[in-house]
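Below you'll find the structure, written out as structure tokens, and then a few comments.
The values are calculated or read from the model by the stated rules, or taken from the named source; none is laboratory data. Everything numeric in this text was worked out from a predicted model, so none of it was measured. Quick reminder, even Gly has a Cβ in these numbers, built from the backbone with ideal geometry, and neighbours come from all protein chains shown. Surface accessibility is based on the protein's heavy atoms, side chains included, excluding ligands, DNA and RNA. Shrake-Rupley method; radii C 1.70, N 1.55, O 1.52, S 1.80 Å.
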Amino acid sequence: MSTPTPTTGLVPEVTPPPTRGPSQSAPTRLGDRLFSGLSTGAGVLILIVLAAVALFLITQSIPALTADPRELPGGTGLVDYVAPLLFGTVLAAVIALLIATPLSIGIALFISHYANRRLARSLGYVIDLLAAIPSIIYGAWGYLVLAPYLVPTYRWLGEHASFLPVFAGPASSTGRTILTAGIVLAVMILPIMSAINREVFLQTPTLHEEASLALGATRWEMIRMAVLPYGRSGMVSGAMLGLGRALGETIAVLLVLSSSGGFSLNLISQSNPSTIPANIAGQFPEATGVNVNLLVLTGLVLFVLTFAVNFAARAVLARRADFDGAAG
Amino acid sequence: MTTTAPVRPSGDAPSVDALPQLFRPLPRWVPYALGAVALAVALLVRAVLGGGPVATALVTALVFLMLVSVVSRRIEGTRRAADRTVTTVVTAMFLATLVPLVSVLYTVISRGIGRFDSEFFTLTMRNVLGEGGGAQHAIVGTLIITGLATLISVPVGLLTAIYLVEYGRGRLARAVTFLVDVMTGIPSIVAGLFAYALFVLIVGPGVRFGIGGAVALSVLMTPVVVRASEEMLKLVPAELREASYALGVPKWRTILKVVLPVAAAGIGTGITLAIARVIGETAPLLLIVGTTDSLNDDPFNGRMETLPVFTFYSFTQPGSRSEFSIDRAWTAALVLMVIVLLLNAVARLISRAFAPKGSR
């Protein structure tokens with residue numbers, strides 16, 4: 001590569017060396033200008049793509065917004081179509097979160113504070129492995145292995161715990177209920193949540209831990225008084241990231257859940273609400289006309305929902321980083 | 001709490017044995033004995049009431065938990081008892097997480113190994129009803145689409161990372177950093193809808209082709225590449241850059257010849273992991289690439305088959321002789337899993353083989 005030549009016809013400026021840092025001289029060289037332009041362009045492209053995602057989803061969903069309610073499936077309008085889906089999406093994600101949050105904290109504590117260091121590293125790999133498995137495989141496993149396995153449990157719950165509205169029954173004979181979907185989702189979001197929790201637990205200042213141990217605390221007391229308070233915001237944002245994943249998970253839910261629409265808090269019965277992503281993936285390949293726009297509209301709702309959740313999670317994490325920077 | 005003041009033996013320096021024993025730990029064999037008792041109880045419950053291995057394990061864990069906390073409370077006091085209880089719970093939680101992992105791996109391998117033969121890799125599903133057939137068309141499609149997605153994401157992602165580390169200052173850089181993080185959380189189905197909406201504007205409604213899938217996957221892949229490359233570029237010591245500037249090398253050549261080579265191994269690892277993440281994506285491909293029974297290696301023309309979509313339809317629409325279709329689906333899942341795990345192993349090897357010396 002040849003040395004870059006000055007592109008301006010002006011007299012080459014001879015500034016004294018001390019004031020010429022590389023960043024100041026950068027724009028005068030062609031290569032530098034090209035390179036900084038290219039990389040800045042790539043950064044801007046990311047912003048454009050994100051804006052384009054929102055924009056295209058909006059333009060494609062406008063026909064559904066303006067369509068006659070009788071043309072939509074169900075025939076009673078937009079809200080009646082979207083609301084049950086939204087309900088199902090949130091319900092499945094909340095079940096997943098309720099299961100995965102305590103488990104992920106336990107796993108992270110085990111790796112960060114209980115297992116010995118060498119074991120902990122390989123255990124970290126195992127958890128990463130869990131994260132790498134594609135969702136279609138979890139879906140197939142939930143559909144053909146977990147759901148049949150849970151049928152006797154659901155039947156038992158339907159007979160003995162039916163006084164609780166969530167276990168009202170009658171129990172599903174296939175096991176493909178929203179509770180099964182929630183369990184599969186929990187398994188799928190466990191890796192990311194435990195990874196984040198593990199990170200924040202490992203960041204606990206060693207001095208805090210040693211101080212509490214020196215004062216005679218047991219390991220659990222040390223964790224309760226030093227590790228958990230320090231990691232609280234990290235745990236919150238980890239849970240929210242997991243929630244974002246669970247809200248958007250498509251194919252596993254589509255395979256596991258046998259949905260019939262509508263609202264139902266009954267977690268073990270045959271009639272389950274569907275979720276937005278599973279509904280899109282299930283309907284889209286055969287959809288035509290305004291139905292396509294309607295599905296895009298539900299996708300927009302999902303996008304806004306996950307964007308808000310992720311935005312909040314990242315904001316919590318970012319504030320935590322600022323705080324750490326100020327403290328350390 | 002001990003209330004009795006222990007009597008010190010008279011004499012000079014008290015020996016260790018003579019020191020007051022405020023705390024008497026549980027003998028080491030006790031937890032094991034309690035574990036055996038718990039297992040025995042659980043097996044008894046199983047013999048009387050029935051139940052599967054998971055229920056038995058659960059009963060064992062619960063009985064063990066109760067025994068340990070009671071015994072420890074009597075001998076060691078409440079604080080030690082709480083500590084032991086939590087240790088048991090945390091360990092049990094970890095072991096419980098391994099159950100689905102083992103179950104998933106076992107299921108996919110044991111059910112997928114049957115059709116893991118040469119036909120599976122050399123035949124397509126064209127004119128196949130029932131027995132036989134393969135997923136060659138799906139494997140080719142997956143490789144083409146993922147390859148195109150990589151071709152789009154790596155330059156954009158790497159340049160963005162370079163911008164963030166080397167050039168970015170102020171509000172734009174902060175916005176990009178933040179939105180890249182948010183972008184990692186975009187649901188895959190939304191990426192598929194985006195690609196569909198984009199190509200509807202260009203090509204027209206009902207569009208299905210491979211390049212659309214590549215665009216959808218690159219929306220998911222780019223933020224991962226950015227994040228991984230950014231971390232690696234940040235690790236490059238500032239002294240290397242300064243030494244290069246001091247020799248009069250312009251900034252862009254410093255980045256190309258000094259910074260990138262130093263970070264290359266880490267970036268390679270990150271890219272490999274990003275590929276592993278998107279290669280198993282099903283939902284966007286279902287929307288924009290569609291499905292077909294024949295081999296189509298032209299991503300700009302017509303539907304293509306991909307491994308995840310092949311797996312999905314073989315499970316959900318198995319046709320009249322469903323057992324063969326389900327077998328093929330498990331094998332496709334196995335192939336997909338092997339690819340993903342191989343990519344993960346390759347990523348580890350890259351980072352280990354090229355790690356800067358002295359950093360381990």
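Here are the numbers:
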read-out	value
Output for segment B:301-318, where each listed residue is in contact (Cβ under 8 Å) with a residue 12 or more places away in the chain, within 12 Å of another protein chain (Cβ to nearest Cβ) and either under 30 Å from B:LEU233 (Cα atoms) or out of contact with any Asp or Glu (no Cβ under 7 Å at 6 or more places or on another chain) (or both)	B:ARG303, B:THR306, B:LEU307, B:VAL309, B:PHE310, B:THR311, B:PHE312, B:TYR313, B:SER314, B:PHE315
Residue, nearest to the chain's Cα centre (by Cα), within segment B:195-205, restricted to residues that are facing chain A (nearest Cβ under 8 Å) and free of Cβ contacts under 8 Å to residues at least 12 places away in the same chain	B:ALA197
Condition broken by B:ARG80, with the remaining ones in (1) facing chain A (nearest Cβ under 7 Å); (2) open to solvent by 60 Å² or more (accessible area, probe 1.4 Å); (3) modelled with pLDDT of 90 or more satisfied	(3)
Positions within segment B:141-156 being more than 14 Å from every other protein chain (Cβ to nearest Cβ) and buried (at least 22 other Cβ atoms within 10 Å of the Cβ), in sequence order	B:GLY141, B:ILE145, B:THR150
Residue satisfying all of: in segment B:93-113; of a type in the set (Val, Ile, Thr) and more than 7 Å from chain A (Cβ to nearest Cβ); surrounded by the most Cβ atoms within 10 Å (Cβ to Cβ) among these	B:ILE109
Cβ pairs under 9 Å, 6+ apart, first in segment A:236-265 and closer than 12 Å to A:ALA278 by Cα, second basic (Lys, Arg) and open to solvent by 40 Å² or more (accessible area, probe 1.4 Å)	A:LEU255/A:ARG176; A:VAL256/A:ARG176; A:LEU257/A:ARG176; A:SER258/A:ARG176; A:SER259/A:ARG176
Residue check for B:ARG74: away from chain A (no Cβ under 12 Å) and either modelled with pLDDT under 85 or in contact with a Phe, Trp or Tyr (Cβ under 7 Å, 6 or more places away or on another chain) (or both)	yes
Number of the exception - B:GLY192 against (1) within 14 Å of chain A (Cβ to nearest Cβ); (2) surrounded by fewer than 18 Cβ atoms within 10 Å (Cβ to Cβ)	(2)
Only one of B:SER188, B:SER218, B:SER153 that is in contact (Cβ under 8 Å) with a residue 60 or more places away in the chain, closer than 20 Å to A:LEU241 by Cβ and among the polar types (S, T, N, Q)	B:SER188
Among (1) within 11 Å of chain A (Cβ to nearest Cβ); (2) part of a helix (DSSP H, G or I); (3) not aromatic (Phe, Trp, Tyr), the one test that B:THR269 misses	(1)
Neighbours by Cβ (under 7 Å, 6+ apart or cross-chain): first from segment B:264-281, within 10 Å of B:SER229 (Cβ to Cβ); second among the basic types (Lys, Arg) and in a helix (DSSP H, G or I)	none
Test for A:ILE58: is it hydrophobic (A, V, I, L, M, F, W, C) and either open to solvent by less than 10 Å² (accessible area, probe 1.4 Å) or out of contact with any helix residue (DSSP H, G or I) (no Cβ under 9 Å at 6 or more places or on another chain) (or both)	no
Given (1) within 26 Å of A:PRO273 (Cβ to Cβ); (2) away from chain B (no Cβ under 13 Å); (3) touching a residue at least 24 places away in the same chain (Cβ under 8 Å); (4) of a type in the set (Ser, Thr, Tyr), number of the condition A:SER162 does not satisfy	(3)
Matching residues in segment A:123-158 - criterion: being over 25 Å from the mean Cα position of the chain (by Cα) and charged (D, E, K, R)	A:ARG155
Residue within segment B:278-299 that is touching a Ser or Thr at 6+ places or on another chain (Cβ under 8 Å), more than 12 Å from chain A (Cβ to nearest Cβ) and at pLDDT 90 or above present	no
Options B:VAL340, B:VAL249; residue that is at pLDDT 90 or above, surrounded by fewer than 22 Cβ atoms within 10 Å (Cβ to Cβ), outside any helix (DSSP H, G or I) and not acidic (Asp, Glu)	B:VAL249
Top-ranked residue of segment B:235-259 - restricted to ones that are in contact (Cβ under 8 Å) with a residue 24 or more places away in the chain and within 14 Å of another protein chain (Cβ to nearest Cβ), ranked as farthest from the chain's Cα centre (by Cα)	B:LYS251
Helices (runs of 4 or more DSSP H) contained in segment A:157-233 and holding at least 2 residues closer than 30 Å to A:GLY262 by Cα	A:178-202
Wholly enclosed helices (runs of 4 or more DSSP H) of segment A:245-328 bearing at least 3 residues away from every other protein chain (no Cβ under 11 Å) and open to solvent by less than 50 Å² (accessible area, probe 1.4 Å)	A:290-327
Every residue from segment B:214-227 that is more than 10 Å from every other protein chain (Cβ to nearest Cβ) and over 12 Å from B:PRO284 (Cα atoms)	B:MET221, B:VAL224, B:VAL225, B:ARG227
The listed residue being at the interface with chain A (Cβ under 9 Å from one of its Cβ atoms) and under 27 Å from A:ASN293 (Cβ atoms), out of B:ILE186, B:ILE211	B:ILE186
Lone qualifier among A:ALA96, A:ALA64, A:ALA108 - being surrounded by 21 or more Cβ atoms within 10 Å (Cβ to Cβ) and modelled with pLDDT under 90	A:ALA64
Hits in segment A:90-148 (condition: within 12 Å of another protein chain (Cβ to nearest Cβ) and outside any helix (DSSP H, G or I))	A:ALA115, A:ILE133, A:PRO134
Some residue of segment A:211-224 being touching a residue at least 40 places away in the same chain (Cβ under 8 Å) and out of contact with any Cys (no Cβ under 7 Å at 6 or more places or on another chain)	yes
Test set (1) at pLDDT 90 or above; (2) open to solvent by 30 Å² or more (accessible area, probe 1.4 Å); (3) closer than 24 Å to A:LEU55 by Cα - B:THR160 fails condition number	(2)
Segment B:319-331, residues that are touching a helix residue (DSSP H, G or I) at 6+ places or on another chain (Cβ under 7 Å), in a helix (DSSP H, G or I) and more than 9 Å from chain A (Cβ to nearest Cβ)	B:SER325, B:ASP327, B:ARG328, B:THR331
Selection from segment A:67-88 of residues that are part of a helix (DSSP H, G or I) and surrounded by 15 or more Cβ atoms within 10 Å (Cβ to Cβ)	A:LEU78, A:TYR81, A:VAL82, A:PRO84, A:LEU85, A:LEU86, A:PHE87, A:GLY88
Qualifying residue in segment B:325-332 (condition: surrounded by fewer than 16 Cβ atoms within 10 Å (Cβ to Cβ), farther than 28 Å from B:GLY212 by Cβ and among the charged types (D, E, K, R))	no
